[in-house]
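The values are calculated or read from the model by the stated rules, or taken from the named source; none is laboratory data. Bear in mind the structure is a predicted one, so any value in this text is a computation, not a measurement. So basically every Cβ, Gly included, is an ideal-geometry build from the backbone, and we count neighbours across all protein chains shown. Quick note on the areas: whole protein, heavy atoms, side chains included, nothing else; ligands and nucleic acids left out. Shrake-Rupley method; radii C 1.70, N 1.55, O 1.52, S 1.80 Å.
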Amino acid sequence: MSDSMRFDVMHFMPYVYLPDNHKEFASTWVNFPNRYYDPEKAHGLYQQYFEQLVLADRLGFDAIVLNEHHNTVYSMMATPNVVAAALLPRLRRARICVWGVPPNFMQPNRLAEEYAILDVLSEGRLEIALPLGTGMEYWANSVSPVTARERFRESLKIMLQAWSEDGPTTHYGKHFTYRYLNPWPRPYQKPHPPCYIVGTGSPETIELAAELGFGYSSVFATQARAKELNDTLRERASHHGFTLRPDQLPLLTFVYVAETDDEAEQEYKGHLRRFYEDFARSTPQWLAPPGYISVEQLKIRAAGSDRLHGGFDFDHIRESTFVAVGSPETVANLLGEWAERMGTNHLNNVMHVADMPHWKTTKNLTLFAEEVMPRLRTGSPKPAAVAG
Amino acid sequence: MSTFAKQTLNVNGVDTVVHTAGRGEPLVLFHGAGTVDGFDFTEPWTEKFRVIVPYHPGFGESADDPSVDEMHDYVMHYLELFDALELDTFHLVGLSMGGYLAAKFGVEHCHRIRKLAMIAPALMLDAEHPMLDILALPGEKVIGALVKNFDVLKPRLPENPDIDFIADRYRETTSLARLQWEHPNDLKLPRYLHRLKTPTLIVWGAEDAIVPAAQAAAWQRALPDVTIDVVEDAGHLVHLEKPEVVGRIGDFLSA
């Protein structure tokens with residue numbers, strides 16, 4: 001995994017101007033009052049974030065990754081395809097990854113069309129992920145969480161049919177009826193852009209990715225759990241007759257590079273803390289609306305503590321999840337070791353979190369591109385333990 | 001004291017648990033969208049009636065059936081259960097969502113209901129006095145809103161709810177959400193309520209924080225033969241807070 005290592009930058013585009021009294025709210029999702037959203041400030045943030053992503057493109061990152069969330073300060077991308085369309089003309093070579101729009105909140109033909117347009121506009125540089133959507137999104141949209149999984153499966157079937165078969169075709173299902181499924185335009189890439197499933201590792205979702213031969217990216221899993229999920233997925237995919245390539249298992253990491261380990265930690269820690277404590281702050285009710293998970297899954301999840309939507313323990317997070325903070329050498333060694341262990345050559349790096357200022361983000365991106373990428377693109381990295 | 005006998009019947013593939021006690025004319029209870037309140041309050045009725053308490057599919061001790069996803073499926077389920085129990089006509093009492101189900105059953109099959117009593121029937125749209133959207137609230141807030149005097153509910157709840165208790169509530173809320181996440185109210189029921197000609201008693205706690213007692217007026221307008229009994233100083237679970245209403249319902253049914 002030397003020259004073929006792929007580096008993506010994922011941006012959440014948070015709305016960073018939290019009101020002084022925000023701690024009075026149990027959650028910054030779902031019902032966090034939108035009177036605190038100031039469109040003029042949001043405009044400035046979009047400009048800043050776009051500048052960061054354009055810089056990433058110029059620095060040689062392989063892809064820009066966007067995603068969708070609703071009713072929250074965590075993300076300003078309620079409709080990421082709009083953001084992708086605005087960003088596209090400013091990118092020169094990076095792929096654009098919408099990872100992704102939960103199909104459940106769209107008509108599936110309409111989502112197939114939007115993705116096809118982005119793929120045509122970008123001359124086939126689009127990649128997509130198909131998420132179920134977090135529990136929080138179901139409080140914000142008029143779709144039942146109880147039937148979310150079956151509806152999701154049906155939507156995927158319709159989208160793949162729309163892309164892969166010459167139209168018009170028909171679909172008569174439980175949730176959707178198409179008498180003339182015949183979308184114009186069709187994707188630039190044949191039969192369709194590369195697809196991934198993104199999830200927190202529920203067995204239903206893993207099985208779905210395996211069945212379809214899609215890539216899979218687990219989000220906010222511990223290192224041990226993510227390894228387990230990748231192994232399960234490879235095994236299940238091969239059961240369904242697919243051999244997954246390493247790049248189909250993108251590894252989501254949180255990365256911050258500075259001149260030294262100490263400086264990196266100093267400059268980063270506070271922002272990661274705010275990410276966990278303020279931007280990802282949610283409640284058990286928002287995380288699991290009725291029927292969103294099975295009763296068995298509810299018990300399993302309750303048994304393990306939820307490290308994302310709650311408290312902050314930097315050392316614990318660093319040891320148990322994929323957070324690489326340090327000098328170029330430290331970061332390169334960690335990423336190299338993780339990639340090897342996870343059987344991937346595809347790193348999806350979150351390089352801006354919470355209220356990180358522009359200068360830190362551009363520094364992070366620049367140091368990563370100039371000092372980390374070359375270390376990972378040539379030669380095999382040393383074990384992290386040796387790198388201090 | 002009567003002891004309830006428990007039986008499990010397979011009703012069209014769904015293991016359905018039914019508790020029965022007492023002798024006399026049959027009286028069926030439809031419970032509400034949660035089962036934490038229990039059914040021991042029906043005890044006084046067992047002196048005059050054969051009290052039959054089934055658990056709805058997806059609630060309490062009965063099994064789940066994800067294909068039961070609208071209220072009419074419950075009407076069909078009960079037609080089949082009553083066949084299995086060889087019940088032709090019976091008295092019917094419905095609590096909250098069970099009251100709504102009783103009305104839904106009644107507009108189609110009122111000739112089978114001898115007399116009907118409803119306690120704070122839910123889910124009928126009354127735009128002027130909307131019911132609390134319990135799906136939007138955290139579980140502990142819903143439980144707090146069930147009664148005016150929490151002391152009557154407290155002994156029925158675990159002191160420190162464990163994951164099994166929470167999972168049971170999650171399951172029942174899921175069953176409710178299956179029916180009404182996307183459409184919380186039945187806009188059509190009022191159109192057909194005139195068909196429910198059965199003599200009916202509606203009991204309502206004046207301080208019901210879940211379904212406002214002011215909704216009683218809409219039922220009064222819609223039902224041909226109805227008596228409304230609004231009970232002061234009580235909330236949604238008026239039958240627990242004011243046990244005398246249990247006696248009044250029994251008297252109404254047996255009169």
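What per residue convex hull volume, in Å³, do the alpha-carbon atoms of the protein assembly as shown yield?
Details: hull volume 111.3 nm³, N = 643.
With only Cα atoms used, the protein assembly as shown gives 173 Å³ per residue.
Given that compact globular proteins tend to follow 2.2 N^0.38 Å, what is the ratio of the alpha-carbon Rg of the range A:324-366 to that value? Let's see the in-between values first.
Details: Rg = 11.9 Å, N = 43, 2.2 N^0.38 = 9.2 Å.
In units of the globular-protein estimate, the range A:324-366 measures up at 1.29.
Cβ under 12 Å from B:TRP45's Cβ, B:TRP45 left aside: what net charge do those residues give with Lys, Arg +1 and Asp, Glu -1? It would help to have the intermediate numbers written out before the result.
Working: positive: B:ARG23, B:LYS48, B:ARG50, B:ARG248; negative: B:GLU25, B:ASP40, B:GLU43, B:GLU47, B:ASP251.
With Lys, Arg at +1 and Asp, Glu at -1, the net is -1.
Of the heavy-atom accessible surface of the protein assembly as shown (probe 1.4 angstrom), what whole percent is carbon and sulfur? Please list the in-between numbers first.
Numbers: 13790 of 26900 Å².
Summing carbon and sulfur atoms, their accessible area is 51 percent of the total for the protein assembly as shown.
Going toward the positive end of the dipole of the range B:119-255, with +1 on Lys and Arg Cβ and -1 on Asp and Glu Cβ, which of B:GLY144, B:PRO158, B:GLN180 do you reach last?
Most positive-ward Cα: B:GLN180.
Need the C-alpha centroid separation for the range B:173-243 versus the range A:2-47, integer Å.
44 Å
Taking K and R as +1 and D and E as -1, what net charge do the other residues with C-beta under 9 Å from the C-beta of A:GLY201 add up to? Walk me through the intermediate numbers first.
On the way: positive: A:ARG225; negative: A:GLU228.
Result for the neighbourhood of A:GLY201: 0.
In terms of modelled amide H atoms, which long-range or inter-chain residues lie less than 5 Å from the amide H of A:VAL325?
Amide H neighbours of A:VAL325: A:TYR256.
In Å, what Kirkwood hydrodynamic radius results for the range A:230-321 from the alpha-carbon pair distances? Each step should come with its number before you reach the end.
Numbers: mean 1/r = 0.0607 Å⁻¹.
One over the average 1/r among Cα pairs gives 16.5 Å for the range A:230-321.
What dipole magnitude, in Debye to the nearest 20, does chain A give about its Cα centre under +1 on Lys/Arg Cβ and -1 on Asp/Glu Cβ? Could the numbers behind the result be given before it?
Numbers: 38 positive and 46 negative charges, 169 e Å.
Using only the charged Cβ atoms, the result is roughly 800 debye.
Once B and A are treated as a pair rather than alone, how much accessible area drops out, both sides summed, in Å² to 100, probe 1.4 Å? It would help to have the intermediate numbers written out before the result.
Numbers: alone 11770 and 16540 Å², together 26900 Å².
Using a 1.4 Å probe, the pair buries roughly 1400 Å².
How many nm is it between the label spots at A:GLN47 and A:GLU277, if each spot is 7 Å from the Cα in line with the beta carbon?
Computed distance between label sites A:GLN47 and A:GLU277 equals 3.1 nm.
Quick one: Cα centre-to-centre distance for the range A:341-372 and the range B:9-84, in angstrom?
Going from one Cα centre to the other spans 59 Å.
Enter the accessible area per residue of chain B (Å², integer; probe 1.4 Å; all protein chains in place).
Working: 11050 Å² over 255 residues.
With all protein chains present, chain B gives 43 Å² per residue.
Using only the alpha-carbon atoms, what does the range B:5-254 span along each of its principal axes? Please give whole angstrom values in decreasing order.
That works out to 43, 39, 37 Å along the principal axes.
Within the range B:148-223, which GluC sites (Glu not before Pro) sit in a loop by DSSP and count at most 12 neighbouring Cβ atoms inside 10 Å?
Those satisfying the criteria are B:GLU159, B:GLU182.
Quick query: amide H of A:ASN349 versus all other amide H atoms, modeled in the peptide plane; which residues come in under 5 Å with a sequence gap of 5 or more or a different chain?
Here the answer is A:ASP8, A:VAL9, A:MET10, A:THR253, since their amide H atoms fall under 5 Å of that of A:ASN349.
Among A:HIS316, B:TRP45, B:PHE82, flag the residue with its Cα farthest along the positive direction of the charge dipole of the protein assembly as shown, charges on Cβ as +1 for Lys/Arg and -1 for Asp/Glu.
With unit charges placed on the Cβ atoms, the residue in question is B:PHE82.
Just want the answer: with Cβ charges of +1 for Lys and Arg and -1 for Asp and Glu, which residue in A:ALA258, A:PRO194, B:HIS109 is farthest toward the dipole's positive end in the protein assembly as shown?
Ranked along the dipole, the leading option is A:PRO194.
Can you flag which of B:LYS48/B:LYS104; A:LYS174/B:LYS141; B:LYS148/B:LYS188; B:LYS154/B:LYS197; B:LYS115/B:LYS242 are past 29 Å Cα-Cα?
On the way: B:LYS48/B:LYS104 26 Å; A:LYS174/B:LYS141 34 Å; B:LYS148/B:LYS188 31 Å; B:LYS154/B:LYS197 38 Å; B:LYS115/B:LYS242 22 Å.
From the list (B:LYS48/B:LYS104; A:LYS174/B:LYS141; B:LYS148/B:LYS188; B:LYS154/B:LYS197; B:LYS115/B:LYS242), the Cα-Cα distance tops 29 Å for A:LYS174/B:LYS141; B:LYS148/B:LYS188; B:LYS154/B:LYS197.
So what is the 222 nm mean residue ellipticity for chain A from helices alone, if each DSSP H run of at least 4 adds -39500 (n - 2.57) and you divide by all residues, rounding to the nearest 500 deg cm²/dmol?
Working: 14 runs with 157 residues, N = 388.
Per the formula, -12500 deg cm²/dmol.
Give me the aspartates and glutamates in straight-line cross-link reach of A:LYS41: C-alpha distance below 18 Å, same-chain residues under 8 apart excluded.
Once the sequence-local aspartates and glutamates are set aside, what remains near A:LYS41 is A:ASP20, A:GLU51, A:ASP355.
If N is the number of residues in the range A:84-180, what value comes out of its Cα radius of gyration divided by 2.2 N^0.38 Å?
Working: Rg = 14.5 Å, N = 97, 2.2 N^0.38 = 12.5 Å.
After normalising by residue count via 2.2 N^0.38 Å, the value is 1.16.
Once the other residues with Cβ under 13 Å from the Cβ of B:ASN10 are scored (Lys, Arg +1; Asp, Glu -1), what is the net sum? Display every interim value, and only then the final one.
Values: positive: none; negative: B:ASP15, B:ASP65, B:GLU80, B:ASP83.
So the surrounding residues net to -4.
For the range A:74-89, take each phi angle, set θ = phi - 60°, evaluate the Karplus expression 6.51 cos²θ - 1.76 cosθ + 1.60, and give the result in whole Hz per residue in order, putting x for glycine and proline.
3J(HN,Hα) across the range A:74-89, in whole Hz: 4, 8, 9, 10, 5, 10, x, 5, 5, 5, 4, 5, 6, 7, 3, x.
Using a 1.4 Å probe on protein heavy atoms, which residues of the range A:122-151 have at least 40 Å² less accessible area in the complex than alone?
At a threshold of 40 Å² (probe 1.4 Å), the residues of the range A:122-151 that become less exposed are A:TRP139, A:SER144, A:VAL146.
Counting other C-beta atoms within 10 Å, and keeping those with at most 13, which DSSP coil trypsin sites (Lys or Arg not before Pro) do you find in the range B:21-126?
Loop-located and lightly packed - B:ARG23.
Please report, in whole Å, how far the alpha carbons of the range A:6-377 spread along each principal axis, starting with the longest.
The Cα atoms of the range A:6-377 stretch 60, 45, 44 Å along their principal axes.
How many nm is it between the label spots at A:ASP313 and A:ASN21, if each spot is 7 Å from the Cα in line with the beta carbon?
In this crude label model, A:ASP313 to A:ASN21 measures out at 3.3 nm.
Please give the per residue accessible area of the range A:6-377, computed with a probe of 1.4 Å over protein heavy atoms only, in Å². Provide the component values of the computation, followed by the final result.
Values: 14700 Å² over 372 residues.
Per residue, the range A:6-377 has 40 Å² of solvent-accessible surface.
Dipole magnitude of the range B:152-246 about its Cα centre, charges +1 at Lys/Arg Cβ and -1 at Asp/Glu Cβ only, in debye to the nearest 20?
620 debye
List the residues of the range A:265-288 that lose 40 Å² or more of accessible area once all protein chains are present, compared with their chain alone (1.4 Å probe, heavy atoms only, no ligands or nucleic acids).
For the range A:265-288, once contacts with the other chains are taken into account, A:GLN285 lose 40 Å² or more.
Once you charge only the Cβ atoms, +1 for Lys and Arg and -1 for Asp and Glu, what is the size of the charge dipole of chain B about its Cα centre, to the nearest 20 debye?
Working: 22 positive and 38 negative charges, 151 e Å.
Approximately 720 debye in magnitude.
Using amide H atoms built in the peptide plane, which far-off residues or other-chain residues are under 5 Å from B:LYS115 H to H?
The answer is B:HIS91, B:LEU92.
Could you check how many percent of all C-alpha pairs in the range B:1-65 are farther apart than 15 Å? Write down the numbers at each step before the final one.
Working: 1030 of 2080 pairs.
In whole percent, the long-distance tail amounts to 50.
Using a loss threshold of 50 Å², tell me which positions in the range B:171-187 are less accessible in the complex than in their chain alone. Probe radius 1.4 Å, ligands and nucleic acids ignored.
Going by heavy-atom accessible area, the residues of the range B:171-187 that drop by at least 50 Å² are B:TRP181, B:GLU182.
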